[in-house]
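The values are calculated or read from the model by the stated rules, or taken from the named source; none is laboratory data. What you see is a predicted model, and the numbers here were worked out from it, not measured in a lab. Here the Cβ positions follow ideal geometry from the backbone for every residue, glycine too, while neighbour counts run over all protein chains shown. SASA here: full protein model, heavy atoms, side chains in, ligands and nucleic acids out. Shrake-Rupley method; radii C 1.70, N 1.55, O 1.52, S 1.80 Å.
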Amino acid sequence: MTSTSQNLQSVQSSSATSTAIDSHEAQPNLSPIHHQIVIVGGGAAGITVAAQLLKHDRSLDVAIIEPSDKHYYQPGWTLVGGGVFPISKFVRDERDVIPDGATWIQARVAQLDPDHNTVVTQAGQAIAYEYLVLCPGIQLDWHLIQGLPEALGKAGVTSNYSKDYAPYTWETIQTFRGGNALFTQPATPIKCGGAPQKVMYMADDTFKSKSGVGVNTTVMFCTATASMFSVPEYSAALDTVVARRGITTKFKHNLKAIKADTQEAIFDVTTDSGVHEVSIHYDMIHVTPPMSPPDFVKHSPLAGAGGWIDVHPETLQHTRYPNVFALGDASSLPTSKTAAAVRKEAPIAVQNLLSRMRSQPFHAQYDGYTCCPLITGYHSTIMAEFAYGGKLAPSFPLDPTKERYSMYLAKAHVLPWLYWNRMLKGEGFEADVLKPLQKLVRH
Ligand code: FAD
């Protein structure tokens with residue numbers, strides 16, 4: 001706690017504490033709060049960074065601004081949609097993941113004012129900082145698909161991208177009676193680039209084996225992209241998967257509307273001769289919505305191209321405000337947006353922030369590592385690990401483009417455990433978990 005902050009009204013803690021300043025009683029123009037380090041967003045990145053900072057130095061005054069009283073392990077939602085686990089397996093109380101020594105401010109940030117080292121909450125509370133770490137995640141723009149918000153969650157329209165509908169995905173797959181099963185991917189950056197198709201492979205397995213509707217079913221992957229995946233080696237592997245399964249691929253198909261009454265999905269299709277509207281009938285449809293940076297980020301001085309928080313790709317420091325760092329889905333880091341990327345970004349942000357506080361040069365550099373465990377069925381996964389420039393970055397001494405049962409087990413059982421028990425606690429797991437696993441995994 002700094003001398004400045006001691007003079008201001010702040011919530012201090014020796015163990016995790018919280019204050020709800022967005023409650024109905026809250027009024028604008030409250031006395032300003034000050035914290036040495038303010039973290040916006042208590043998701044995967046915010047909690048990991050806070051835990052690592054406090055591990056380095058217990059005396060740091062770290063506040064996390066996070067509105068939700070629940071914390072979700074979102075990578076698990078794919079498994080919920082595939083009927084492997086219930087949604088309850090992937091949720092904890094936020095208060096239980098806030099690290100000891102951090103202050104939780106339960107509020108939603110509405111405005112960023114980096115010229116005055118201040119953020120302002122929706123309730124009008126100003127919170128001043130010396131250092132700011134931004135990780136508010138990505139915004140789901142459901143409303144950009146006409147008819148989708150009203151259609152979601154009934155009559156076969158679903159999405160694993162919401163905790164509210166992931167269970168309905170499984171209900172839909174189980175009760176599907178044949179026809180067209182569509183799985184869409186938008187034109188925008190999304191979190192977990194593989195999630196739009198992972199659920200499709202589990203659905204296809206179910207149609208062909210358990211429910212027996214496979215013969216009467218056309219499974220279609222309708223994506224705004226021009227290939228199955230951003231990295232050519234993994235994309236080629238997925239080409240083989242869809243061909244083997246007999247899945248129809250529709251590239252450059254950008255979903256723009258759902259007509260629930262006639263069960264039509266309307267796409268803008270880009271061809272050499274221009275953009276044409278195409279309607280495809282669906283009997284079930286799994287939608288991945290367009291996504292963008294949160295509005296309060298887009299409209300702030302911290303936004304760069306596309307509205308993402310403009311940080312240096314290697315150091316994670318803001319390009320114009322040196323006391324600001326960002327990581328995770330809301331950042332401009334030119335890599336695939338995943339919790340796995342956050343795992344590698346967090347120590348870089350923490351080390352460079354600490355260097356900045358000590359007026360020392362930066363030593364830590366992020367290489368763009370990210371990982372998308374591409375579930376290709378209930379017993380197989382391609383562990384798609386890569387870094388900047390699409391450079392393959394396998395953790396195991398094996399061909400990473402191959403489907404493996406061991407990688408499915410890692411995705412379904414090992415990674416969630418590591419998330420809750422190591423990553424969110426600020427612990428690395430290279431030495432004592434990854435190394436032994438590398439020895440174990442041979443096929
Ligand atoms: P989040 O974890 O989303 O956290 C952002 C936090 O900011 C939230 O708690 C939110 O409440 C808070 N917030 C938002 N607005 C404000 C505000 N105004 N003020 C204060 N706080 C705010 N990743 C993988 O590594 N592997 C996978 O297999 C995988 N599969 C996925 C499947 C699905 C269906 C989904 C949805 C995601 C998947 N991901 C996967 C992606 C992964 O969950 C994200 O990349 C990761 O959570 C990003 O971390 P983050 O901290 O940037 O954002």
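Annotations for the structure displayed:
- Residue check, Arg58 more than 9 Å from the ligand (Cβ to nearest atom) and under 24 Å from Leu415 (Cα atoms): no
- All positions within region 410-426 that are without any contact (Cβ under 8 Å) to a residue 24 or more places away in the chain and either under 24 Å from Ala102 (Cβ atoms) or surrounded by 14 or more Cβ atoms within 10 Å (Cβ to Cβ) (or both): Val414, Trp417, Leu418, Asn421, Arg422
- All positions within region 167-179 that are open to solvent by less than 10 Å² (accessible area, probe 1.4 Å) and within 14 Å of the ligand (Cβ to nearest atom): Thr169
- Residues that are out of contact with any Cys (no Cβ under 9 Å at 6 or more places or on another chain) and within 16 Å of the ligand (Cβ to nearest atom), drawn from region 374-405: Leu374, Ile375, Thr376, Gly377, Tyr378, Ser380, Thr381, Ala387, Pro394, Pro400, Glu403, Arg404
A quick yes/no check of all residues on (1) buried (at least 17 other Cβ atoms within 10 Å of the Cβ); (2) outside the structural domain of Arg422 (by TED's automatic domain parsing):
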{"residue": "Ala305", "(1), (2)": "no, yes"}
{"residue": "Arg343", "(1), (2)": "yes, yes"}
{"residue": "Leu374", "(1), (2)": "yes, no"}
{"residue": "Phe386", "(1), (2)": "yes, no"}
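- Residue match in region 25-37 (condition: modelled with pLDDT of 95 or more, among the acidic types (Asp, Glu) and more than 9 Å from the ligand (Cβ to nearest atom)): no
- Tabulated pairs, region 370-396, first over 14 Å from Cys192 (Cα atoms), second at pLDDT below 95, C-beta under 7 angstrom, 6+ apart or interchain: Ser395/Leu434; Ser395/Gln438; Phe396/Gln438; Phe396/Val441
- Leu182 meets the conditions (1) over 16 Å from the mean Cα position of the chain (by Cα); (2) surrounded by fewer than 23 Cβ atoms within 10 Å (Cβ to Cβ); (3) within 24 Å of Ser227 (Cα to Cα) in every case but one. The failed one is (2).
- Qualifying positions in region 286-303 - among the polar types (S, T, N, Q) and either open to solvent by 60 Å² or more (accessible area, probe 1.4 Å) or more than 12 Å from the ligand (Cβ to nearest atom) (or both): Ser292
- When region 44-72 is filtered for residues that are touching a Leu at 6+ places or on another chain (Cβ under 9 Å) and part of a loop (DSSP other than H, G, I, E, B), the ones remaining, listed by number, are Asp57, Leu60.
- Any hit, region 325-333, residues being assigned to a loop (DSSP other than H, G, I, E, B), within 9 Å of the ligand (Cβ to nearest atom), within 20 Å of Leu54 (Cα to Cα) and of a type in the set (A, V, I, L, M): yes
- Subset of region 307-341 [open to solvent by 30 Å² or more (accessible area, probe 1.4 Å), over 11 Å from Leu134 (Cα atoms) and polar (S, T, N, Q)]: Thr319, Ser332
- Flag if Phe207 is hydrophobic (A, V, I, L, M, F, W, C), more than 12 Å from the ligand (Cβ to nearest atom) and either open to solvent by 10 Å² or more (accessible area, probe 1.4 Å) or over 22 Å from Pro75 (Cβ atoms) (or both): yes
- Scanning region 13-21 turns up at least one residue that is open to solvent by 50 Å² or more (accessible area, probe 1.4 Å), modelled with pLDDT under 95 and within 16 Å of the ligand (Cβ to nearest atom).
- Strands (runs of 3 or more DSSP E) fully within region 80-166 counting 2 or more residues that are within 12 Å of the ligand (Cβ to nearest atom) and crowded, with 19+ Cβ neighbours inside 10 Å: 102-106, 109-113, 118-121, 126-134
- Top-ranked residue in region 388-409 [being among the aliphatic types (A, V, I, L, M) and open to solvent by 20 Å² or more (accessible area, probe 1.4 Å); ranked as nearest to Asp204 (Cα to Cα)]: Leu409
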